[in-house]
Structure formats: structure tokens, C-alpha cells
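The values are calculated or read from the model by the stated rules, or taken from the named source; none is laboratory data. Keep in mind that what you see is a predicted model, and the values were worked out from it rather than measured. Quick reminder, even Gly has a Cβ in these numbers, built from the backbone with ideal geometry, and neighbours come from all protein chains shown. Quick note on the areas: whole protein, heavy atoms, side chains included, nothing else; ligands and nucleic acids left out. Shrake-Rupley method; radii C 1.70, N 1.55, O 1.52, S 1.80 Å.
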Amino acid sequence: MKEITKIVITGGPCAGKTTALSWIQNAFTAKGYTVLFIPETATELISGGVAPWTCGTNEDYQHCQMRLQLDKEQVFRRAANTMPGEHILIVCDRGAMDNKAYMTEEEFVRVLAGVGKTEVQLRDDYDGIFHLNTAAKGAEEFYTLANNGARIETPAQARAIDDKIIAAWTGHPHLRVIGNDVDFNEKMKNLIGEIASLLGEPQPLAVDRKYLIEYPDIAWLESQPNCRRVEIIQTYLKSDNGDEVRVRQRGVDGYYLYYKTIKHRAGQKWIETERRLREGEYLQLLMDADTTRRQIRKTRFCLSHDGLYFEIDVYPFWSDRALAQIRLGDSRRRVDFPPQIHVIREVTGDEHYMNATMALIHQDPSAE
């Protein structure tokens, strides 16, 4: 059965995307994937004379860019369906939501209406989003305008745009932020490892840190432009070989995506693979639910802050606390929470705070 995976490589100006595309080509062609690249639409248009300053208005330009982006993706998917390979990776050099960083909220709403999409539909149409932080964040000596004629931003502007792009993609089920807290080669290795994990060929390079926090200020979270709310229902399935298998419904406002995740223990580490399901597949798998575990329902707030991507989970059985998780490329990196989030303690590796444990029928998840 042909598997077509569509991902986005994005980031602020001078983030290393061009080099990243070369690494992706080499790494995944060697693994047997047919790798297709969709060129950056903004660079194509601006280099051809179509730009925000040559069109009637910025909104006119953004509408043209969005249309072309979506049309190109449709063409590449149609072409991929005709190709002989079983595993095809479509790599978008920026995706449709990147445009939001260059529009006002009012312009964005009108452009969405023009292409007949909701924001969630546009964002979650991709299987994975990999954001490379601009060199202007933590690697300023490498920031340059020389390698892209369409790039005009100062370092300060690059940092601001980087933040806006992360905010635009915040809420996607598989957003990974690849920072500059390691050298450039390690940054590329982290990227390849994250993509490999998405494709079901995990390389355990990233580090997940989990914290018990005080119950957050929901009104504050919902007021933040770089925060998105998601409703999640997680169901554990029967497993005969010791693997942890779960399915998940994830979405908001009536638009849902479905996933199956398998966690397999390899020595002292868990290796996790995940694939997207059709709704019918998800409903069928629910028939194989593990009756010794309850469903886990939670509201997740996806928050980007200080170059990190926080997933804050609020559970119906807790009124005084919640959980926050951060994925790091470098285990030595210091984690600085927003001042509005109050950490009780780190619980990384504590089985008491793992969803699989909290789902056990004989456990009381509301107990400390």
C-alpha cells in the first residue's frame, strides 16, 4: 500500500532550510523513500516580479501566494500517486500557514475565505511541521542576507518573524522546533531524527521533559496569540507483546484527526512510532480497546515560548494541577517557563504521571 507523507520545513529567515533539504534528500533516499520537494512559493513569486509591493495590496499578493501553494501541493500529491515507490515523502519548503506571519488577522480571515478553508483544516493538512529557528536566535554570527535574494530582514525582524511563524503553526499535532542550542551539524541531525520518527523509523535523539505544574490560568492561555487549544481523547488498545498501543482523536470545533501510536521498549528507552488513521480505521480499532484502562480525555494548550514548544495538558479529574511537556534537541538546555506557569516539580520518567498509568481502572488519577 502506497504511503504518501507530506511535511513542511519552515523557520525564520536564515535558518538553514536550504542545507536541511539536502540532508533530507540524502538521508531518506538512502532509506528507500522517493523524496519530492515543493519549492518555496514566496521566493518563486518575488523572484518573478510578483511581490507584496508590486501587487495592488498585500492581501492581493497573499491570496495569490496561498492559491499557488495549495495548487502546487495538489499537483505533487497527484504525481506521487502515479509513482512506483511504496514510500513517498513530499517536502514543502514552507507551507500554507507560513503566510499568516505576513498578514494581519483580518487579511488572513479573508484569504482563508477566498480559498474555502478553515485555519485548522489548512494547518492540519500536513503530517509534520519542522521549524528551524533563525540563526538570529542564538547563532547571530551566522545570520546573513547573501544566500537568498528575496530576504530583506534585519536580525531583529528575523527573530520577530520566527516567532510569528511558530505561532502560526502552533496547535499542529506534530510541530517540532529545532533550535540553535547545538552546532549546525547537530541541528541537522536533530531534524533528520525527528522526521525519521514521524515516518516510523525512530532515532531517539530528542529528549522529552515533563513537569507537574499548578493549574494554569486558562483565560491567559487562550488570550495568547502563540497558543492553541486542542481536545484529545486517547484510548489504549490490547497488546500481546508488551508494546503500548493507543489511538487518539485530536482536534477542535468539529474538525478531528486520528492517530495510532505504538511505543516499544528497546533497552532503557521507549521507541515511539505514529501514523495517521482514517476515521473508519479509528472507529474499527476502538473495538479492540483495553478494558483494563479508561479513556483519557484532556484539553491540550500548545504554547510556543522562548524557542520552545510547550504542550500543557489539563485533565477533568484535576482542579489544582496539570502537566506540561517539552521536547528538547539538547538535554542540557535550560527550560524557562513563562512567568504565568508555576512549576511544582519535574516528573520526567515518573510512571505515576504517564497517561498509560493514569488510565488504569484500579488507579485513582486524582490522587497524588
Counting only DSSP beta bridges with both residues in the chain, what percent are antiparallel, rounded to the nearest 5? 75
P(r) tail for the chain, what percent of Cα pairs lie past 29 Å? 43
Local net charge near Ile24, Cβ-Cβ under 15 Å (Lys/Arg +1, Asp/Glu -1): +2
With the full set of protein chains in place, find how many percent of the accessible area of the chain is carbon and sulfur; take the probe as 1.4 Å. 50
Could the peptides 90-99, 297-306 be put in order, highest first, of the mean number of other beta-carbon atoms found within 10 Å of their residues? 90-99, 297-306
hull vol. (C-alpha, convex hull) per residue for region 225-310, Å³ -> 125
Loop sites in region 73-142: GluC sites (Glu not before Pro), DSSP, at most 16 other Cβ within 10 Å: Glu86
For the chain, the per residue accessible area (1.4 Å probe, Å²) is 47
State to the nearest 20 debye the size of the charge dipole of region 1-91 about its Cα centre, where the only charges are +1 on K and R beta carbons and -1 on D and E beta carbons. 300
Would you calculate, for the chain, the mean residue ellipticity at 222 nm contributed by helices, counting each DSSP H stretch of 4 or more residues as -39,500 (n - 2.57) and dividing by all residues, to the nearest 500? -9000 deg cm²/dmol
By accessible area of protein heavy atoms, probe 1.4 Å, what ranking do Trp318, Trp220, Trp23 get, highest first? Trp23, Trp220, Trp318
Scan region 15-69 for trypsin sites (Lys or Arg not before Pro) in coil per DSSP, keeping those whose Cβ has at most 16 other Cβ atoms within 10 Å, and list them by number. Lys31
Taking a ≥ b ≥ c as the square roots of the Cα gyration tensor eigenvalues, with a/c under 1.5 meaning rounded and otherwise prolate when a/b beats b/c or oblate if not, region 274-324 comes out oblate
I need the calculated FRET efficiency for the pair Trp318 and Cys64, taking r as the beta carbon distance and R₀ as 51 Å, to the nearest 0.05. 0.60
Using a 7 Å offset from the Cα along the Cα-to-Cβ direction at both Glu231 and Thr154, what is the distance between the two label points in nm, to one decimal? 4.6
Each label point is 7 Å from the Cα along the Cα-to-Cβ direction; what then is the distance between the points at Thr82 and Thr292, in nm? 5.2
What is the local net charge at Ala356, summed over the other residues whose Cβ is closer than 9 Å to its Cβ (Lys, Arg +1; Asp, Glu -1)? +1
Additional length obtainable on full extension of the chain from Thr54 to Thr144, 0.36 nm per residue less Cα span: 29.9 nm
Under a Cβ-only charge scheme (Lys and Arg +1, Asp and Glu -1), can you give me the dipole magnitude of the chain about the Cα centre, in debye to the nearest 20? 640
